[in-house]
């Protein structure tokens with residue numbers, strides 16, 4: 001800064017540049033009031049930091065723990081249970097507050113357990129996300145007061161001089177002042193798989209984000225080279241911040257499971273109110289209610305019906321089942337932020353995936369090598385040098401082709417600054433440009449890297465520039481009398497124009513028209529296969545040639561060959577995509593990469609047939625809404641797309657009734673992740689914005705984990721249907737038992753058992769039934785092993801109900817059978833009624849009570865499938881059998897232990913009575929088997 005600028009630093013605030021890529025770097029620095037040699041002073045940087053705020057994206061306000069805990073109770077079923085607690089307490093108060101309000105206490109405990117489970121799981125997911133955020137925190141090197149220093153990236157301000165070097169994360173948007181062989185990996189922002197070569201020259205006209213070569217952006221990474229840049233935007237003013245702002249306007253819809261549970265809660269609430277009022281009205285009309293005791297009995301009847309109708313354990317069991325599924329996914333490196341997200345992914349009918357780093361390895365690999373004597377295929381992918389060079393299906397042997405390959409791969413390795421090394425755990429990592437590292441890996445597969453390292457010594461380097469599109473090194477050849485040699489790699493069109501000879505085997509021949517045409521044809525073939533091409537050439541230097549004269553050195557070269565490079569697909573991704581297709585799930589690739597590359601990778605993975613073109617962002621822009629929707633139904637590969645295109649694609653898919661899962665790692669994916677039914681972010685390569693927008697984070701960045709999550713989600717949804725079928729049919733049995741018992745009291749002999757109203761079951765008995773049969777067996781059904789191939793059926797439609805009309809009809813049928821079996825048992829033991837008995841009311845009620853418990857335990861075996869026999873895979877779920885055994889033991893205790901007889905109004909049964917109860921309750925199992933047989937016959 002000038003002394004004048006230092007004298008009044010707070011008078012005016014530097015204006016934010018409109019488009020810094022169109023401004024001269026010096027003029028831009030002047031407008032930002034910064035010195036391109038010394039940078040800002042510490043005091044000025046602190047002032048700007050206080051004025052503009054930290055260089056961070058705006059985070060959502062932290063929700064207090066107490067509000068998150070209360071949020072767990074915002075559910076229609078919970079509201080019903082809270083109402084049941086209130087009624088139970090009122091009835092307890094009317095009775096004179098005798099004893100302890102057991103009904104209210106047990107229901108309250110269930111409600112509290114559900115809330116604590118949900119809160120604990122969400123807190124655990126938040127902690128995992130926070131840990132990932134800490135892992136991705138970065139620092140930046142800046143020039144302040146003429147000194148280079150490292151500061152947290154959050155402290156960067158506009159006007160800071162940013163010093164960039166290989167391996168650095170770019171901490172803010174900045175305009176390049178100067179750059180040397182700078183390549184920046186911008187896949188997280190633009191979707192471009194290859195590192196972008198940057199240039200400090202001022203742009204002549206406005207350009208797309210991916211083409212602003214004189215700019216670097218927050219959230220990207222330096223792959224190669226060095227640079228000095230002046231910061232032009234921080235925090236929410238950055239390109240990443242603009243996408244974060246887009247997230248704020250993206251509405252996040254409830255998951256299908258949340259919608260379904262809310263719908264069930266509303267239905268049950270309405271049903272409970274109607275049933276309670278109808279029954280109480282019937283009682284008031286059928287019986288004379290003269291005393292307060294009779295009124296309390298009627299009120300308790302309403303409470304018992306509410307308790308019977310509402311599956312109190314449903315919220316808690318649902319939370320436990322989802323939480324256990326979440327834990328299973330966590331062991332497979334998938335962090336689920338919301339319990340219901342697992343089930344949502346199981347319902348997905350479309351998975352929209354990014355390409356770079358998600359379906360591919362983000363590890364550039366040489367796949368093909370073309371020389372004068374022929375072509376080869378290089379096996380193996382990634383930076384681990386496992387593989388070989390093959391010619392016509394066999395390993396490349398000695399000969400002319402082998403000799404040419406040594407020069408191509410060793411030459412490409414020499415003309416680079418990358419490094420490949422093996423870590424202590426056996427894994428391999430690279431330093432430098434991934435494309436250059438690909439030569440090192442391929443050279444090791446050929447087995448010649450040791451000789452190259454011993455033979456050559458670097459003397460000088462001619463760096464890669466955007467004008468030359470080449471890089472050359474001057475090497476001293478110790479095997480040929482320390483002679484100097486220039487080795488060059490670069491763009492084929494540029495390099496071929498500088499070659500006058502060609503290497504054929506061990507010979508060097510004139511580069512005639514035929515050989516040149518063949519070399520150009522090789523380049524076209526590699527480009528046609530969507531491979532990035534680089535050519536290699538060399539020539540010995542004559543004595544006296546200047547090693548720094550690029551124009552003189554890089555001519556009359558000897559052409560050696562061309563390599564084809566690709567970011568290879570993840571091998572497990574192809575298998576996962578095949579499994580997704582088998583499950584009826586569409587897989588779409590949506591990327592910012594080149595259309596030809598996207599189409600090639602999609603074909604390799606089996607997303608589309610070979611030769612199927614990709615639809616580009618410009619193609620999509622030309623379509624109206626109707627044509628856009630039709631295009632989305634037909635095409636599976638989209639390239640060169642912007643974040644707005646991804647949002648529009650997701651919206652079009654959802655408009656067709658699809659449940660959409662969107663995967664991604666870059667900040668450009670975040671709005672679409674939030675808009676999708678479930679967003680899946682990459683934990684290792686994903687940006688913090690993406691992780692915050694997602695519902696699930698893949699800690700290992702493995703696309704195959706998504707398909708495992710689909711399987712897990714489908715299994716969970718199937719188990720949810722199992723325990724819903726069980727809970728609702730069992731509770732229906734309790735409701736119909738009370739309702740039919742009151743309405744038909746005279747028919748079964750209950751009306752003659754004393755003065756006033758006599759109920760078939762006591763409220764405490766109904767609560768006991770819910771306690772021992774709703775909880776254990778239902779929870780065991782929630783973790784029932786997969787007995788059917790869940791990936792062999794198509795995804796359920798978004799309009800499909802967890803409880804459809806057929807299930808409701810089955811619930812009513814099973815409930816009616818339970819009620820009739822219970823009431824007939826009571827009638828068998830009571831004096832009078834349809835069947836003459838001789839036992840007391842307490843004995844008959846105990847028998848009916850036991851039959852209803854046993855019937856529900858038999859029903860747990862029925863509920864495992866709607867059509868498959870209960871005897872199929874009968875013993876695969878030890879937890880279910882354990883729950884049944886525990887329920888049986890508890891029922892024996894409540895019937896034969898004296899103080900429990902007093903608490904629950906029971907009395908001991910004889911062995912013959914136990915056998916009779918078992919026989920009557922088994923009618924539920926036999927009716928279920930008959931119903932399943934009829935359904936199977938109907939489907940056939």
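Divide, for the range 782-823, the radius of gyration over alpha carbons by 2.2 N^0.38 Å, where N is the residue count.
On the way: Rg = 15.0 Å, N = 42, 2.2 N^0.38 = 9.1 Å.
Rounded to two decimals, the normalised Rg is 1.65.
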* Asked: Volume per residue, Å³, of the convex hull around the alpha-carbon atoms of the range 421-503?
  -> 134
* Starting with the highest mean, order 600-609, 36-45 by the number of other Cβ atoms within 10 Å, averaged over the residues of each peptide. => 600-609, 36-45
* Structure fact -> Honestly the range 465-593 on the Cα gyration tensor test (a ≥ b ≥ c root eigenvalues; a/c under 1.5 rounded, otherwise a/b vs b/c for prolate or oblate) is just prolate
* Structure fact -> Percent relative contact order for the range 365-566, counting Cα pairs under 8 Å at least six residues apart, stands at 24
* Asked: Counting alpha carbon pairs within less than 8 Å and at least 6 residues apart, what relative contact order, in whole percent, applies to the range 755-870?
  -> 27
* How would you order 646-654, 883-891 from highest to lowest mean count of nearby Cβ atoms within 10 Å? -> 646-654, 883-891
* To do: Note down the nm distance, to one decimal, between modelled labels 7 Å out along Cα→Cβ at residue 394 and at residue 149.
  => 6.7
* Structure fact -> Ordered by fewest other Cβ atoms within 10 Å, a rough proxy for footprinting exposure, 331, 175, 633 read 331, 633, 175
* Asked: Please state the relative contact order of the range 831-940 as a whole percent: Cα pairs under 8 Å, 6+ residues apart?
  -> 43
* Asked: At residue 903 and residue 455, where each label point lies 7 Å from the Cα along Cα→Cβ, what is the point-to-point distance in nanometres?
  -> 8.9
* **Label-point gap, in nm, between residue 507 and residue 933 - each point 7 angstrom along Cα→Cβ** => 8.7
* To do: For the range 724-748 and the range 387-453, write down the distance between their C-alpha centroids in whole Å.
  => 77
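Kirkwood-based Rg over Rh for the range 494-559 (C-alpha set), two decimals? Please report the intermediate quantities before stating the final value.
Values: Rg = 13.5 Å, Rh = 13.1 Å.
That ratio equals 1.03.
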* **Calculated on alpha-carbon atoms, Rg and Dmax of the range 365-566 in Å** => 15.9, 51
* Cα centroid distance between the range 162-212 and the range 861-940, in Å? -> 69
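Since every read-out is calculated from the coordinates, none of them should be taken as a lab result. Predicted, not measured: the structure shown is a model, and the values here were computed from it. Neighbour counts are summed over all protein chains in view; Cβ atoms, including those assigned to glycine, are modelled from backbone coordinates with ideal geometry.
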